[in-house]
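See structure below.
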Amino acid sequence: MNYKSILFLFILLNSTTCIVAQNTPQILSGLTDYIETISDKNSFPDEYHFDYAYKITHIHSNDSIENFVIYSPKEGDYFALSKDLSDTELMVFDLTKNYLLTFCTIDKEQYAISGPLSFFDQFKVDQKVYKFSKKLSKEKKSLKEKHISYTSTYNGVVTELDITKEKKFNNNGLKKGFWMIIQESNSTPTPLIEKGSILEIRTKTSKNLSKASINEVIELDKNIILLNYKLIDFGALEQVKKDSL
């Protein structure tokens, strides 16, 4: 999922709430109070813990550059995303629950705004796109290869991946998170996931080249505690709708 799309959603949720709050505070208050009432914190983990922060640089084919940070636990099927390490607002992608939670501050109140990941599942990709093969290296093979490259060609587009099994990269959050963000879908198959974690993705055509790579890894001890936030779970509205049918 392209970070710009995710950031746009966050801005939309944030600004829409603020705009409505300025013009129709009673309506907003009633709506948020209602959703908060039907939102069940017990259906979510008490907290999300992160052991690593990965700084990612994405250079697009038009030479524009995006920087973002992926937070990931050593164990756990989730990851988080922010624009910068200094950000207090971030998005947690819970791949077990198939939910996105945006942790943010609105009018000095801390909110966790939640919704199904299916909101972002817009692109269905032909699996043939990701039939990767190991890229042959001209260099002498070492007894223990740390980084291995794979390549796939489909309809004139060459996709190259650098894979590693190094311990600081070998967690499910990074394996799925990096790929999911770049490929803009939560259901797009994660290639070579059993072989390690992606360090860099290069997409080439006859005219363009784009590249996304990890440029720094930071060890940390970060916790997002749901108890500290007001939960606004839009998924609860869907459940109310189903129950009323």
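What to note about this one:
- When the stretch 32-56 is limited to residues that are more than 15 Å from Ile218 (Cα to Cα) and in a strand (DSSP E or B), the one that is least open to solvent (accessible area, probe 1.4 Å) turns out to be Tyr48.
- Residue check, Lys141 surrounded by fewer than 16 Cβ atoms within 10 Å (Cβ to Cβ) and either at pLDDT below 75 or basic (Lys, Arg) (or both): yes
- When residues in the stretch 60-104 are screened for being in contact (Cβ under 8 Å) with a residue 24 or more places away in the chain, open to solvent by 60 Å² or more (accessible area, probe 1.4 Å) and among the aliphatic types (A, V, I, L, M), 1 of them pass.
- Hits in the stretch 156-177 - residues which are of a type in the set (D, E, K, R) and surrounded by fewer than 14 Cβ atoms within 10 Å (Cβ to Cβ): Glu166, Lys167
- Filtered by the rule that a residue be β-branched (Val, Ile, Thr), at pLDDT 85 or above and not in a helix (DSSP H, G or I), the stretch 193-245 gives Ile198, Ile201, Thr203, Thr205, Ile214, Val217, Ile218, Ile224, Ile225.
- Asp107 satisfies every condition listed in (1) without any contact (Cβ under 8 Å) to a residue 24 or more places away in the chain; (2) on the phi > 0 side of the Ramachandran plot except (1).
- First in the stretch 217-231 and of a type outside the set (A, V, I, L, M, F, W, C), second anywhere and open to solvent by 70 Å² or more (accessible area, probe 1.4 Å) and part of a strand (DSSP E or B), Cβ under 9 Å, 6 or more apart: Asn223/Glu47; Asn228/Gln110; Tyr229/Glu109; Tyr229/Gln110; Lys230/Glu109; Lys230/Gln110
- Within the stretch 72-87, considering residues that are of a type in the set (S, T, N, Q) and in a strand (DSSP E or B), the one modelled with the lowest pLDDT: Ser82
The values are calculated or read from the model by the stated rules, or taken from the named source; none is laboratory data. In this text the structure is predicted, and so the values were computed from the model without any measurement. Reconstructed Cβ throughout: ideal geometry from the backbone, glycine too, with neighbour counts over all protein chains shown. With ligands, DNA and RNA removed, areas are computed over all heavy atoms of the protein, side chains included. Shrake-Rupley method; radii C 1.70, N 1.55, O 1.52, S 1.80 Å.
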